[in-house]
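Participant: Starting off with a structure, shown below.
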Amino acid sequence: MERYEILKDIGSGNFGVAKLVKDKLTNELYAVKYIERGKKIDEHVQKEIMNHRSLRHPNIIRFKEVFLTPTHLAIVMEYAAGGELFERICNAGRFSEDEARFFFQQLISGVNYCHSMSSVLHSQPKSTVGTPAYIAPEVLLRKEYDGKLADVWSCGVTLYVMLVGAYPFEDPEDPRNFRKTLTRILSVQYSIPYYVRVSKECKLLLSQIFVADPSKRITIEEIKKHPWFLKDLPIEYMEGEDASLQMKEENEPTQSIDEVLAIIQEAKKPGEGPKSCDLLVKGISSSIDLDDDTDDEIETSGEFVCAL
């Protein structure tokens, strides 16, 4: 019997497609990301999956399991029924400052947790990956950089987008001009429109985030102590309360590290048959124990995704 029933498409990208599915044994909803088997399953994908598996935090979409179809590697994760933050912003135009702070507090909590789980402080120069509007100057310059400080910049872009409803470094007269966007990022050229009412404390925080020299940029720990951030901060996000946010031991992923790695290794072999994602879920690989208890489940990242 097929384990998951595909309900609808919920997204697509360079990685492949994402679909909303229902677990036929429990009726729970999950999101499944499908990546074509073969050369697309590289070390970057493996690292992303293994990192995702290790994250257990309320503001990070939870990993559940991986399985194989004849043509794709499927990554099962928690379905964030609240929708994408970007979609909410588009529908609202922009958020009030209080609403933006509410989501920013969750974002910083999740990013801070990810940083606490990482032993890698610096990233080597490599090809630029990600939406250009969110990328920090030092990443664009292909220098060795501190990934944590680059994340601070990206969080600042998210805050600005929530407040203004537009990207901070795009030219309002020519928003699709990629070169102009890069130039404005490198020169930290941004402004808050006159019609958007933002407090002095919030403007100060943005100015401390949007600093070209990462060594002079505010850190996550400093953001957590910033007066604007602390306003109406839920108790679970307060200093010293982070441990209470981590999931309990019994909520560990149902698949062991060895099981996940074995499935990823098998996925590196080219698949067989049609590659249409309509044919993807024809049952779970026999290597996965269907009797294991299912649990909800991480984006970000590679991708970082807030659970709303």
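Participant: Pairs LYS19/LYS143; LYS47/LYS203; LYS180/LYS203; LYS19/LYS269; LYS8/LYS180; LYS19/LYS180: which exceed 26 Å Cα-Cα?
Facilitator: LYS19/LYS143; LYS47/LYS203; LYS8/LYS180; LYS19/LYS180
Participant: I've got another one for you. Label the range 1-81 by shape, choosing from rounded, prolate and oblate, from the square roots a ≥ b ≥ c of the eigenvalues of the Cα gyration tensor; if a/c is under 1.5 it is rounded, and otherwise prolate applies when a/b is larger than b/c, oblate when it is not.
Facilitator: Taking the square roots of the gyration eigenvalues as a ≥ b ≥ c, the range 1-81 is oblate.
Participant: I want to check the label-to-label distance for ASP232 and ASP213. Put each point 7 Å from Cα in the C-beta direction and report it in nm to one decimal.
Facilitator: Those two pseudo-labels are separated by 3.6 nm.
Participant: Got a sec to turn the phi values of the range 56-63 into Karplus ³J(HN,Hα) couplings, 6.51 cos²θ - 1.76 cosθ + 1.60 with θ = phi - 60°, whole Hz, x for Gly and Pro?
Facilitator: 9, 8, x, 9, 10, 3, 8, 6
Participant: With each label point set 7 Å from Cα along the Cα-Cβ vector, what nm distance links ALA92 and LEU186?
Facilitator: Placing both labels 7 Å along Cα→Cβ, they lie 3.5 nm apart.
Participant: Next up: Roughly speaking, what is the centre-to-centre gap between the range 7-44 and the range 204-238 when only Cα atoms are used, to the nearest Å?
Facilitator: With the range 7-44 and the range 204-238 each reduced to a Cα centre, they are spaced 34 Å.
Participant: Please state the relative contact order of the range 86-245 as a whole percent: Cα pairs under 8 Å, 6+ residues apart?
Facilitator: 24 percent
Participant: Next up: Of the options PHE67, MET77, TYR113, report the single residue whose Cα projects farthest towards the positive end of the charge dipole of the range 1-158 (beta-carbon charges: Lys, Arg +1; Asp, Glu -1).
Facilitator: With unit charges placed on the Cβ atoms, the residue in question is PHE67.
Participant: Report, by chain and number, residues whose modeled amide H sits under 5 Å from the one on VAL17, excluding near sequence neighbours (fewer than 5 apart, same chain).
Facilitator: Amide H to amide H, under 5 Å and 5 or more residues apart or across chains, VAL17 pairs with TYR34.
Where a number appears in this text, it was derived from the coordinates with a stated rule and is not lab data. The structure presented is a predicted model; accordingly, all values stated were derived computationally and were not measured. Cβ: placed from backbone, ideal geometry, glycine included. Neighbour counts: every protein chain shown.
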